[in-house]
Amino acid sequence: MLVAYQHTAVLVALLLIPVLCLLLSRRRPYPGIPIAHFERRGLQKWMPAKFAFMQRPGELLSKASEQHPNRCFQVAAASGYKIIVPNRFANELRNHPDLDFNEATAKDFFAHYQGFNGAGVFVGAKDNIVLDTVRIKLNQNLDLITDSLVDETGEAFRNVFGSGSNESPRITHIKQHMLHIVARLSSRVFLGKAFSRHAEWLRIAEQYTVDIFSASMLLHMIPAPLQPLVCCFIPAYWRLRGHLRGARRLIEPELYRRQPSLECAEKPARMEDSLSWMEDVAQGRSFDYAAGQLGLSVAAIHTTSEMATKAVLQLCENPEVVAPLREEIINVLGRESWSKNAVAKMHLLDSFLEEVQRIHRGGIASMHRLVKRDVVLSDGFVIPRGATVLVRECLDYGEPDWSIFNLQRHMNMHPRVRFTSTSPANMGFGHGKHACPGRFFAALELKIVLCFFLLHYQVAFLPGEGRVAEIEFEHQLVTPPDIRLELRERQPEIALL
Ligand code: HEM
């Protein structure tokens, strides 16, 4: 009899613990701030509120912005409630000392968990070795790395799209191909030529970001107190730990190889890549270099390949821009050889990229920040300490024809503004003191890739197909992974290598 009672008690406890955890960990909205929501009927009432922001974020924010014009409101996101700030406050917040980008990202991406170390390396602003490597070292060396980028682009294009004078069209999975090309280019600059051709490293560099996103999303579905227990049952989490082990296996011997040894009196030749730059920045402080490289991959690869994919899709959507873009490339590279300055003279290409980013933005909100101390906006609204905020993207640019793609728009509107300039009207790279420090490298990389693409290929949608809508997920917009395009090789007017 006693045994039967004991069994029942264990069973009840097993059932109650998760329910209690669920109730205790329920994230509460911030008091006094309107909540964006859809009317939920029938079974929908049982679905967590965060599903609305996951599945139909654009519609949800538009509806809430209409209900609360130019005012802040909050949405239930996977990692908790987030306050959406209207675009008119972007400049007020851009350099605010009490707003932290990395802490906000750390919260979303479980930066303190083993395996998520690639996100963890960005936390702790004072000691941020990866950030300074990009901000200072990478940006100072853009001229030096241009030749390597050009060489790697030629090789990556041959590898991915094949070479020869085949005139018949072929089908390309553009997003996967751009991901591989960008992974190769980034790896060439971050770790050198051997890594840019190393199949296992490239697999890790491409997959780590995908698995960080999937593991985080699944973990956010679980009540916070149970997350440390449940994470071990999530396959994406195992893969993350596997990527970390793989990165250590490849990068640690490389670090060792670069150290002066007792047997050999001669110091190994210095490599100008991000591993050496990180060592310079670290100045002897201990640092997890493998995690640092994973962090760089997360920041650099999917963001840039997404932009490259969007640019190619725009060429299909607006084929009339191809001829003037080609003409500019031929003019510049016909006169001078590759350099950062030569690429900077491609003003039309710059305007093209800015227009692509404007019209097919990466998200509906940017400037993701964690509030370290109460922040008071100029209209008196108080953003409470501990909250996470997002600033709404500008929707109309103040231009009547904002929905039309215009290649010359940025050259005519603001001749001195570049693709890499940020403003409340264009927050594709964020805005303010946390604006993307890798954008100058990304712009250089994208322009080199597009020079090769435009001169070597003719691209089009498959017959009868057109542009498909981007996938919405919380505040982000991404192109679907399976887009196929028709690619035809052409004879370039000038040799690029
Ligand atoms: C087209 C490509 C890229 C896009 C669209 C992009 C976009 C962004 C955005 C939106 C942010 C947040 C900025 C903010 O909230 O104000 C950011 C931050 C960051 N990006 Fe990029 N990025 C790109 C490429 C790169 C590359 C190539 C690197 C590295 C080489 C990089 C490194 C970083 C870093 C380190 C941060 C964190 C900045 C901080 O903590 O202050 N990004 N990026």
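A few notes on this one:
- Qualifying residue in the stretch 53-70 (condition: surrounded by 21 or more Cβ atoms within 10 Å (Cβ to Cβ), more than 22 Å from the chain's Cα centre (by Cα), within 16 Å of the ligand (Cβ to nearest atom) and assigned to a helix (DSSP H, G or I)): no
- Neighbours by Cβ (under 6 Å, 6+ apart or cross-chain): first from the stretch 108-137, over 19 Å from R285 (Cα atoms); second near the ligand (Cβ under 10 Å from one of its atoms): A111/V123
- Candidates in the stretch 209-223 are the residues that are assigned to a helix (DSSP H, G or I), in contact (Cβ under 8 Å) with a residue 60 or more places away in the chain and in contact with a helix residue (DSSP H, G or I) (Cβ under 7 Å, 6 or more places away or on another chain); of these, the one that is nearest to I301 (Cα to Cα) is T209.
- The residues of the stretch 77-93 that are among the hydrophobic types (A, V, I, L, M, F, W, C) and either touching a strand residue (DSSP E or B) at 6+ places or on another chain (Cβ under 7 Å) or at pLDDT 95 or above (or both), listed by number, are I83, I84, V85, F89, A90, L93.
- Considering the stretch 156-175, and only residues there that are part of a helix (DSSP H, G or I) and not small (G, A, S), the residue that is modelled with the lowest pLDDT turns out to be F161.
- Qualifying residue in the stretch 400-410 (condition: crowded, with 17+ Cβ neighbours inside 10 Å and of a type in the set (S, T, N, Q)): yes
- Search result, residues across the stretch 446-492 that are assigned to a loop (DSSP other than H, G, I, E, B) and of a type in the set (A, V, I, L, M): L462, V468, A469, I483
- Residues being more than 23 Å from E470 (Cα to Cα), within 16 Å of the ligand (Cβ to nearest atom) and of a type in the set (A, V, I, L, M) - total across the stretch 303-343: 1
- Within the stretch 344-373, the set of residues being in contact (Cβ under 8 Å) with a residue 60 or more places away in the chain, more than 16 Å from the ligand (Cβ to nearest atom) and not in a helix (DSSP H, G or I) comprises M346, R373.
- Checking each residue in the stretch 120-155 for being of a type in the set (G, A, S) and either outside any helix (DSSP H, G or I) or touching a Lys or Arg at 6+ places or on another chain (Cβ under 7 Å) (or both) picks out G124, S148.
- Candidate set from the stretch 412-471 (those that are among the basic types (K, R) and farther than 28 Å from G295 by Cβ); member that is farthest from the ligand (Cβ to nearest atom): R416
- Set side by side, the residues S305, S286 differ, and just one is surrounded by 15 or more Cβ atoms within 10 Å (Cβ to Cβ) and small (G, A, S), which is S305.
- Among the conditions (1) away from the ligand (no atom under 16 Å from the Cβ); (2) surrounded by 17 or more Cβ atoms within 10 Å (Cβ to Cβ); (3) basic (K, R), K137 misses just one, which is (1).
- A count restricted to the stretch 429-472 and to residues that are touching a helix residue (DSSP H, G or I) at 6+ places or on another chain (Cβ under 6 Å) and either farther than 30 Å from R488 by Cβ or hydroxyl-bearing (S, T, Y) (or both) stands at 8.
- Hey, A106 buried (at least 19 other Cβ atoms within 10 Å of the Cβ), within 15 Å of the ligand (Cβ to nearest atom) and assigned to a helix (DSSP H, G or I) or not: yes
- Subset of the stretch 94-103 (residues that are within 11 Å of the ligand (Cβ to nearest atom) and either modelled with pLDDT of 95 or more or under 10 Å from H434 (Cβ atoms) (or both)): R94, N95, L99, D100, F101, N102
- Screening I145 on (1) within 18 Å of the chain's Cα centre (by Cα); (2) within 14 Å of the ligand (Cβ to nearest atom) shows it passes everything except condition (1).
- Answer residue from the stretch 188-233, given it is among the small types (G, A, S) and within 16 Å of the chain's Cα centre (by Cα) and is nearest to the ligand (Cβ to nearest atom) among those: A205
- Residue, nearest to the ligand (Cβ to nearest atom), within the stretch 121-130, restricted to residues that are at pLDDT 90 or above and crowded, with 20+ Cβ neighbours inside 10 Å: V130
- Qualifying positions in the stretch 437-456 - in contact with a strand residue (DSSP E or B) (Cβ under 9 Å, 6 or more places away or on another chain) and surrounded by fewer than 20 Cβ atoms within 10 Å (Cβ to Cβ): H456
- Condition broken by F38, with the remaining ones in (1) farther than 16 Å from Q476 by Cα; (2) at pLDDT 90 or above; (3) in contact with a helix residue (DSSP H, G or I) (Cβ under 8 Å, 6 or more places away or on another chain) satisfied: (2)
- Here the stretch 240-274 is the region considered, the condition is being under 25 Å from the mean Cα position of the chain (by Cα) and farther than 28 Å from S214 by Cβ, and the residue that is surrounded by the fewest Cβ atoms within 10 Å (Cβ to Cβ) is E272.
- Sole exception among (1) away from the ligand (no atom under 15 Å from the Cβ); (2) of a type in the set (A, V, I, L, M, F, W, C); (3) in a strand (DSSP E or B) for F38, by number: (3)
- Condition met for E206 (under 15 Å from L296 (Cα atoms) and part of a helix (DSSP H, G or I)): yes
- Qualifying position, being surrounded by 14 or more Cβ atoms within 10 Å (Cβ to Cβ) and within 16 Å of the ligand (Cβ to nearest atom), among A90, A49, A76: A90
The values are calculated or read from the model by the stated rules, or taken from the named source; none is laboratory data. A quick note: this is a predicted structure, and the numbers were derived from the prediction, not measured. Cβ sites come from the backbone with ideal geometry, for glycine too, and all protein chains shown count toward neighbours.
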